[in-house]
Every structure is written in C-alpha cells, then in structure tokens.
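FYI, it's all coordinate maths here, none of it is from the lab. Not measured: the values here are computed from a predicted model. We place every Cβ from the backbone using ideal geometry, glycine too, and count neighbours over all the protein chains shown.
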Amino acid sequence: MSAAPQVLIVEDEDSILLSLEFLLRSAGCGVAAARDGDTALALLAQSVPDLVLLDVMLPGIDGFELCRRIRADTRLQGTRVVMLTARGRESDLQKGIEAGADAYFTKPFSTRELVTRVRTLLSEPRSDSPAQGSARGST
Amino acid sequence: MLSGALIVVLSFAYVGLLFAIAYWGDKRADAGRSLIANPYIYTLSLAVYCTSWTFYGSVGRAATSGIGFLPIYLGPTLMAALWWYVLLKMVRISKEHRITSIADFIASRYGKSHLLGGLVTVIAVLGIVPYIALQLKAISASFSTILQYPNSLVTDAPESLPFLQDNTFYIAMLLAAFTILFGTRHLDASERHEGLVAAIAFESIVKLVAFIAVGLFVTFGMFNGFDDLFGKAAKIPELNALLVQGGAAGNYTTWASLTVLSMLAIILLPRQFQVAVVENVDERHLNKAIWLFPLYLFAINIFVLPIAIGGMMHFPAGSVDADTFVLTLPLSEQKTWLALLAFVGGLSAATGMVIVETIALSTMVCNDLVMPILLRWKFLRLTERRDLSRLLIAIRRSAIVVVLALGYVYFYLAGEAYALVSIGLISFTAVAQFAPAMLGGLFWKGGTRLGALTGLSVGFLIWLYSLLLPSFAKSGWLPITFLTEGMLGIDLLKPQQLFGLTGLDDISHCLFWSMLANIGLYVAVSLWRRPTAAEHSQANLFVDVLRHVAAGSGPKFWRGSATVADLQTLLGRFIGPRRAAESIAAYARSQGMTGSEQLSANAVLVHYVESQIAGAIGSASARDMVASVVDEEPLALDEVMAIIDEASQALAYSRQLEQKSLELEAASKELREANQRLQELDRLKDDFISTVTHELRTPLTSIRAFSEILSDNPGLESAQRAKFLGIITRESERLTRLINQVLDLAKIESGAAEWHPGTVDMRELIDDATGALSQIYRSRGITLEVQAPAGLPTVNADRDRIMQVVLNLLSNAANFCDKDDSAVTISASCNETALRVDVTDNGIGISEADQAVVFEKFRQVSDPAAGKPKGSGLGLAISREIIQHHRGRLWVSSKRGLGSTFSFTLPLSPAPA
C-alpha cells in the first residue's frame, strides 16, 4: 500500500472543519487544514495534496479565486478540487465549474455522498495529470 | 304698339350680348387676365340686389306709400358701413374653407353639419321661390304691357289664361336654360364664375342707365325739372301725403322692420352671398364697394318718386298699375325706344337676379341637400364611382329647373294677390332667419349646432305659418278662414295676429315672432348644451378668422395617413382626373416643388384636397369623402382642438402648460429615483435573503454532518461522542438565535414589534447586564469597568430592548478584544436632554470605511488577523433600530488598532411607545 492520499481542507467554520477532518480521516486520508485562503496557499506551496476541499466563503481570498490559482499552478495539475458553499445559487455552481472545480457541494451536504465522491475522485487520476499512485483511495 | 317679334328678337339679342360678355370674361379668366379683378366690377355685381322689384316695384310702392320704398335701400346702405367687419370676415372664412354657399357656410360653422346645411338649403329654396316668382311676374307683366299698350293698362290676371299657356311659363323655362348655360358649363372647385360676374356687372349698368333715362325723361321731358314736378304734386292732396313721413309712408315700426330686413338681406340672400363672398376675387375690393354700392343704390332711387308722381299725375287714378309706370310713361309719350330701353333694363334686372339666385340655390341643393343624401345611400355605390363630376352637373341643372318651376308655380298660385314689393319682402323675411346662426356664428363662439338648428327651424316654421301660408290663403288656395279665424278656429293662432299681437303689418308681425323665437332658442339652446369638440374647433376658426394668419389656416393639429395618389384619385372623382392631376401639380408648384411626386400627404395637402372637393360637393360631404381615404384619428384632433380652445387665453394656458410640464418632469424624476431606490431595496432584499440563507446553512451543515457521523459510527468513544453532541447542541442554539434575530429585526422594521415602555434606571440596567456577562468576560480575561454615577435620571423606555442593546454592545466589545490586557469600559452620563451610554474597548478598532457599514445587516467587520467574527451580524442592526425607536442615536467612533467606542443616547422626555 502506498501512502495515504493527502487532503487539504480549507474551511473557516470550526465545527464544520472538525466534522470534515473526522470524515476524511475515517476514509483513510491524511488531512491538513487551513482556516483562510492565505494559509491554504502557504500550505500548497509546501506540499502537493491529492485533493483540496474548499469552502467558498472565506476570509481574505475567496474559494473561487483559490481554485483558479490551484488550476493555474502546474505543480497542482493532479490535484482534485471539491468546493463547498453555503450559497446554493446557480451562478455559484457555474462559477465553481469555470474556476475548475471537480465537484461542487451545497451546504448542508450528505456526508456519505461527499465521502463517496471524494473516494471516486481519488481513485480516478486526472486525465492530463502525471501518474499518481494507483492504489490510492483504498481504505 | 310694338310687334311681339321685335320684343322677342330684342330680348334674345340682349341675352346673346350677355353670353358674349360672359364668354369673354371666362376667356380672360382662363388667360389669367381677370376681367372682374377690380372693385368697380365687384360693386356693380353687388347691384344684383336691385331686381325688377327695384326697377318696377319701387315705383309701385312709392305710388302707394311715398318714401315707404326707401328702407329697402337704407338697410343695405347702413349694412355697407359694417361690411368692413362683417363681410370681410365672411369673405376671409369662405376663402379659407372654400365655402360655396350660405348653407355651406352655416353648416361648416357648426361643425360641418349635414343637417344644418340641408335645413338652410330648404329654407333658402322655399324662401326664395316667391322672390323668383316676383321676377317672373315682372317680366311677364312687362311683356304684356309693352305688347298690349294701351289696350290693356291693367295687367290681366293670369287665372284668365290656362296653366302652361301663359308666357310666364316659357319665360321661366328660358331663364332656366340661360342659367344652365351660364352657371353650369363646367364644375369649378372654387365655384366661381368670372364670366357670369362680368355679365351681371354689365346688367347692373344697363338697368341703372335705363332707369335713369326714364327718370330724366319724366322729370325733364314731361315736366320741367324737380321743382315743377314736386310743386305740381304738392297741390294734389293725396300726392302730397306721399311725400310726408308718417303719412302714407307707413309707421315707424314698418320702417324699422323693413330696414332691418334689408340690412340682413344684403348679406344673407343666396345671390348676395354668391356675388359678395363666393365671387369675390380680392378682399380689398370691399374698401371701394363700401361707399360705391350705396352710391349706386342712391343713383337708382333718385327718380323713383318723380316717376311715381309723374305717373300718378299723368294717368287717371287707378287706370294704370303703378308697377308699370317705368314702361307706360314712355309709351304714353310715344317714346318707343325709351320704352324698349326700359324694357331691357327691367329684363336685365330680372334676369340678373334669377340667374345668380338659381345658381346659388342649385349649388346649395346639390352640395348641401342632394349629395349628402346620395352619398349616404350605400346601395348607390357613389363613393366608388370614378367620376362624379357629370352627376354633380346633372344635379345642379335639375335643381335650376326645379327652382324655376317652383317659382312659376308660386307665381301661378299666389302671384296676383300681392304687389311686387310684398312678394319680395316674404323672401326677405325667410332669409332673415339665417341671421342669428350666421351673425351669431361669426361673433359668438358659444353658438352651437343644436342652437342654430332649433332657432332656425322654429323661426322658419313661424315664417311659413304667418307669412307664406297666408299668401296662399289670400289667393284662395287655402280657406280664408285660416286668416280670419286662425287655425282650427283658435283665435290665438291667427297667422297674422299670433297670440293676439295686433297693430303690426304682416312683415313686422312675422319678423317679430320669428326673430324672437329664432334668437331666443339659438341663444338658450346654445347655452344649455356645451359645444362639441368639432363645433369648438370650427367656432374658433370662424370667430377668430381675422386673427389668423391667412396662409396657415388649415387644420393645424392633424394626425393621419394617406397617400398622395389616394388623394388625387379622390379629387379626380369630383372634378375629373385630368383637372385633379393639374390641381395637385399646381399645389406642388405652389409649395416650391417641381412635381406632385415630391409631395407628401401631410395635413396641409389633405386640407387642400378637402377644400377642392368642398367646392364641388360642400364642406360637410367633402370632409366625409376625405375621411374615407385618410386614416385620420379624429378623437385626438378634437381633443387637441378642445384644449386649444380653452387656451384662448393663450398666456394663462401656456403658463399652466409650462407648470404642468415642470411638474411632470419633477414627477418623472421622483419616479426614476423611486425606481432606483426600489431596485436598490430589491437588491438589498436579495442580498439579505442570500446572507440569511448562508448564515442558516452554516450551523445546519455542522448539525447534519455530526448527526450523520454519530449515526454511521456507533462505536465512537464516549468522549468524542459527547464532544460531537455538544457541537450539535451549540450549533442548534446558534441556529435558533439567528432565526430569532432575523424575525426580531423583521418585526421591528415592519413596525409589528411589541414595545413595553416603562421606567428604566440605567445604572441598575448596566449592573444587570454586566452581571450577566461577567462569566464570559472573566473566562476571556477581559477587565470590565462600570462608570455609572448615582442619581442618573430614569428614562421611559422598553427595558428588555435597552438591555438587548447593552448586552449586544458588551458582547461585541468582548469579541473585538484579543489582547492580553483587554479592557472594556461601560459608562453612563447625562445632560439636560438625554442620557448617554458609552461602551469602549481597547481592541482592534474599526476602519473608517467599516464604521459606515457596521450597522448594516450581516456587515461584520472581517479581519484576517482577527479571524472570522462571531455572531450573526444582525446585533448592531437590531440595536440601532431599537435606539431609533426610542428617538435616540447609536453611533461608533474608533481608531484602527486603538479600540472603539459605541455610544447611544436616549432622550429624557418620554418617547411615545
């Protein structure tokens, strides 16, 4: 078994962050957390996670902008982005897809769906990404 | 004794001469060198007023009532003085509206009314028939006299001749033929007949010369001048009486009514309207006519008395009809050529009148009576006929024949019962009925169609009953008891003593009653019913005609659509396609264009076409015709015209308009602003809902996530389970609090919140609040200092709400404190008017930009260094609402990095709850 997939959670709401950490750890992921966009960028500069779980409403740089920057970064080509938003507007969904998100969840979300989706995304490498560990995603 | 053949040849030769003149006049007009474009011809054409009534009848009248013949000429002389105003107006209006007859004029004035035009036509025809009969009688009598003298000095009664076998019938038909040849050779849009006017002017010279010649012969040939003549007459008592006013000359009432009648007749008689108004080529001709026409009347009247007196002294009393003195005096002296000249003079007086009168009447009958009816009969499909000009000419020719036939019938039925003058006066009284509608319409904007209709109808009926029917009764065609006992034997209904009015002659009596009713009803009905928009618009155009600029008189407010081709086709149907094309092309040239293809169908062109058609079929029908090809929006026009009318006091109106437009501008600006505000509010509402949604979703997300975690992981350690359950509880509380605050704010903002005012001791309130929060402060290590002096006045307020504000401010202060030496101070103070509370922290402070929005909903100060602010973001919004409800003020002063002070005041005077 290769190393556990690494997930970066960017979420400013403490309790939600706590629940996401628990869920992803339970799913066998390695988890890092950031409470705002700047911290997230700093963490991304140090390591390349397999997936970023990204809240839209953040203090400082918002989630859409962060997503665009991840997509613009060649180092992060293989990194999946799942966006979370408390605003269920069509335009937000559109913005998320345009920014390059792989999946988009509206709060409150089903934890089971989220975990399933995260697993699926981790097991299918991005088409244009460099080869990643194939065993990733197994729990 | 003269031979009949000679008389007939002479008559025909004379008429042939007239034709030649008329032909020459038309030729000159076609060549553009008008024969009649001078004031002298115009004045002479006006003298068509002097008919055989003047030529023969005045002498007859003078023989019985001396200078009683004079009012008929005094009236026009007086009226001439008013022409400058009255006639000028009529001429100007008629030119601008292409009016072709008096019926057309009155119909047009009252909103282009078919009904009114028809009524005027009927009255004119019935009223003028006796007058035409008069001419027939005069011509016939002059024939008999000159042929039979001296065998039959008193004219034979026509009853002795079988119907249709007396010469009068043939005279009538010959006159009809002449008139048709003169007047209806072609159809002219302007309905002007230059050649005819030239011939009429010539006739006026002939009759004047003839009459003066006879007068000179009598005065200086038979007597030795005026002195001799009057001197001899004065010695004869019955003749002397004629020369004295108040004697046989009639009483003052008769004089007055005859003067009034003739004043009206000179402008209202159809033939006078024809020559004075329709045939007028230049308004300036009026200037000369005003003094020249009275001079003509004077000249033709100088020898009336000498001839009358001479005749009475020459012939044994009653042996010769005084109406024939002009002929019989020369004949008795064997002055054959002078008698023939007099005969021709009389003939010219009669033919001039008959020709012009019947042309005028035929135009009216065609345009205002027959065509409106024919055009209304859909099954005739007249509106689809390509060329109506032949039909129009046929109608006019028939009308001429019918009018003359009626004249003959009247002559046959009633002609012998009256002298020439009396017959003429019956006609004068009939046309006088037009006066209220006509003169009222010229000078009074309030006159209405209904008023004119009722006045005219009733006046006409009275004329019919008290003047026309009695003339039949006197001739034996109606039972004489109709006169002596009244209709149905009712005394009050005696036609010539209506309602017991006696002491007046027939004419004055009828004039009195008919005018009383006519004027009274015209005025009363007009005042009773407001004029319609169409009447309004016409009234303005007529009454204010002299104020308009002559050129721009068309419909100024016109909306509609039509093509030039449509209009030309329409015009072509009435005056023929070729002339229509010429007319449109001429119009285009007058507009400075090279051809009709450059024209656009605008209001002015439509008006031009309408006026051209009006010349052929009258203004009311023309309007209908044009409307059939023009998609006009009449309501809008009428409305605009009504508005314009009300603005006769133009200044007041325009000021009003200006004010209105300013108001409108202001209103639309307000509307724009309100709309902007509304959009802003709408956006704010959307933002609010979106934010509330977001705020609600956040705790819900935690609650759902942890519930699912707990449910999916039954084997969790109890410590972790307890921690997760605690989060669920806390987030649920947060959700509840948020919902409560949203509802609270909504309630306060909508005014639905309940308030419980009471006495509030601020010091005690602050103590309670700090007590409630002391736990939190202590746990965070924040120092809380209270500065509330004893003896603060109480305020009248809702204690719970003020407590809510103070707690909110204290919690916010605690939230902004993140340093170790954090301290919050709450202080209360007061001045004369208000109590003040300040909550000061030494936290991060608020930037100036944020200070402006910190009280707005969900506008939390976000600062990366401070992390996400706690709370819903509604606390300050609610607090400000609460303080504002108490008429106080809530504000913030702060410096970045040095802390903030939130302050509020509450007025000491009790606020209404």
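The separation of the range B:718-739 from the range B:250-282, counted between C-alpha centres, amounts to 112 Å. With Cα atoms defining each centre, the range B:759-801 and the range A:25-72 are spaced 44 Å apart in the structure.
Gap in Å between the Cα centre of the range B:1-69 and the Cα centre of the range B:208-224? That distance is 19 Å.
A dipole drawn for the range B:4-418 from +1 and -1 charges on Cβ atoms has a positive end, and of B:L391, B:W84, B:A198 the residue lying farthest that way is B:L391.
About its Cα centre, the range A:6-128 has a charge dipole of approximately 300 debye under the convention of +1 per Lys or Arg Cβ and -1 per Asp or Glu Cβ, with nothing else charged.
About the centre of its Cα atoms, the range B:754-907 shows a dipole size close to 320 debye [charges on the beta carbon of Lys, Arg (+1) and Asp, Glu (-1) only; nearest 20 debye].
For B:A581 and B:T253, the FRET efficiency from 1/(1 + (r/R0)^6), where r spans their Cβ atoms and R0 equals 51 Å, is about 0.30. Between B:S909 and B:D820, how high is the FRET efficiency from 1/(1 + (r/R0)^6) when r is the Cβ-Cβ distance and R₀ = 30 Å? Nearest 0.05. Efficiency for this residue pair is about 0.10.
Using a 10 Å cut-off around each Cβ of peptide A:14-21, what is the average number of partner chain Cβ atoms that fall inside?
Values: counts 4, 14, 8, 1, 7, 11, 2, 0.
Other-chain Cβ atoms within 10 Å of each residue's Cβ, averaged: 6.
Given R0 = 35 Å, the distance between the Cβ atoms of B:I302 and B:F443 translates into a calculated FRET efficiency of 0.50. Neighbours of B:E357 by Cβ distance under 14 Å: Lys/Arg scored +1, Asp/Glu scored -1, total 0. Here the spin labels are modelled as points 7 Å beyond Cα on the Cα-Cβ line, and at A:Q94 and B:L657 they lie 5.0 nm apart. When the C-alpha to C-alpha distance is required to be over 29 Å, the pairs from B:K137/B:K235; B:K137/B:K474; B:K112/B:K474 that qualify are B:K137/B:K235; B:K112/B:K474. A simple charge model with +1 on the Cβ of Lys and Arg, -1 on the Cβ of Asp and Glu and nothing else charged puts the dipole of the range B:4-418 at about 1300 debye relative to its Cα centre. Loop-resident trypsin sites (Lys or Arg not before Pro) (DSSP state other than H, G, I, E or B) in the range B:250-304 with no more than 15 further Cβ atoms inside 10 Å of their Cβ: B:R284. Multiplying the residue separation of B:Q334 and B:V8 by 0.36 nm and subtracting their alpha-carbon distance yields 115.4 nm.
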